[in-house]
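As structure tokens, the structure follows; a few thoughts come after it.
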Amino acid sequence: MSFFLPGKSRCFLCGNAIATRAEAGRVPYAAPDDVGDDAKYGRSFVHRRCWDSWPNRARWAQSAARLLRRASDRIVSDEETTFVLEGARTGSAMLVDTGLLIEAEMSTAEMGVLRDTLLGGEGGELAVGAYRWQVTTTADAMTIESWQDGELVERWSLTEADRQRWTRVLSAAVR
Ligand SMILES: [Zn+2]
């Protein structure tokens, strides 16, 4: 699988086409020892709603996190399935969450702003690499929309536990 094609790329979990990029997530590689034959679907697209309700989601996310830990000497901070990796360029970093299907490159300064936005709990808008992230909050969850050139590219929902984990991992990375 390479680029996402709206209405053409298929979700490997339900087999149906995915209409928009914002509904889609891309799964990381997982080890065959952990997920069996399904491992061949690493880097494939899924509907986020299919992924979120998939019984093997946690197993997959943990397997992907183990692979990443083993393969990378660039891990700045990590907790369970959430990591900050050193970026390819000086002063850049990559936020990875194998459960929420996120890989986002940003500057260290942007990472600090993201951490403060998550801590503040009131939401807001921030620049993240080539994207604008809009953070909105409700009582028990947080939604992040990633926009580029007026188009909604991705949408993630964070539980309170996700928010706290991200805050800890980001804080460790930017200190
Ligand atoms: Zn699906």
With the condition kept exactly as written, say whether any residue in the stretch 32-44 is part of a helix (DSSP H, G or I), within 11 Å of the ligand (Cβ to nearest atom), surrounded by fewer than 18 Cβ atoms within 10 Å (Cβ to Cβ) and modelled with pLDDT of 95 or more.
-> no
Going through (1) out of contact with any helix residue (DSSP H, G or I) (no Cβ under 9 Å at 6 or more places or on another chain); (2) surrounded by 18 or more Cβ atoms within 10 Å (Cβ to Cβ); (3) over 23 Å from residue 165 (Cα atoms) one by one, residue 65 fails only at (3)
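Quick one: how many residues across the stretch 11-21 are within 28 Å of residue 150 (Cβ to Cβ) and crowded, with 18+ Cβ neighbours inside 10 Å?
Result for the stretch 11-21: 3.
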Within the stretch 133-152, tally of residues that are in contact with a Ser or Thr (Cβ under 6 Å, 6 or more places away or on another chain) and either crowded, with 16+ Cβ neighbours inside 10 Å or not assigned by TED's automatic domain parsing to the domain that holds residue 113 (or both) | 2
Cβ-Cβ under 7 Å pairs, at least 6 apart or on other chains, the stretch 58-79 side within 19 Å of residue 92 (Cα to Cα), far side surrounded by fewer than 15 Cβ atoms within 10 Å (Cβ to Cβ) and among the hydrophobic types (A, V, I, L, M, F, W, C) = 77/172
Any chance the stretch 108-118 includes a residue that's of a type outside the set (A, V, I, L, M, F, W, C), more than 18 Å from residue 80 (Cβ to Cβ), outside the structural domain of residue 59 (by TED's automatic domain parsing) and part of a strand (DSSP E or B)?
-> no
Checking residue 83 against (1) under 14 Å from the mean Cα position of the chain (by Cα); (2) under 20 Å from residue 4 (Cα atoms); (3) not small (Gly, Ala, Ser), which test does it fail?
-> (2)
Do you know which residues across the stretch 77-104 are surrounded by fewer than 18 Cβ atoms within 10 Å (Cβ to Cβ), part of a strand (DSSP E or B), in contact with a strand residue (DSSP E or B) (Cβ under 8 Å, 6 or more places away or on another chain) and not hydroxyl-bearing (Ser, Thr, Tyr)?
-> 86, 103
Test for residue 114: is it in contact with a strand residue (DSSP E or B) (Cβ under 8 Å, 6 or more places away or on another chain), closer than 22 Å to residue 158 by Cβ and within 16 Å of the ligand (Cβ to nearest atom) = no
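Considering the stretch 51-75 alone, what residues qualify as being within 16 Å of the ligand (Cβ to nearest atom) and either out of contact with any strand residue (DSSP E or B) (no Cβ under 9 Å at 6 or more places or on another chain) or of a type in the set (D, E, K, R) (or both)?
52, 53, 55, 56, 57, 60
The values are calculated or read from the model by the stated rules, or taken from the named source; none is laboratory data. In this text the structure is predicted, and so the values were computed from the model without any measurement. We place every Cβ from the backbone using ideal geometry, glycine too, and count neighbours over all the protein chains shown.
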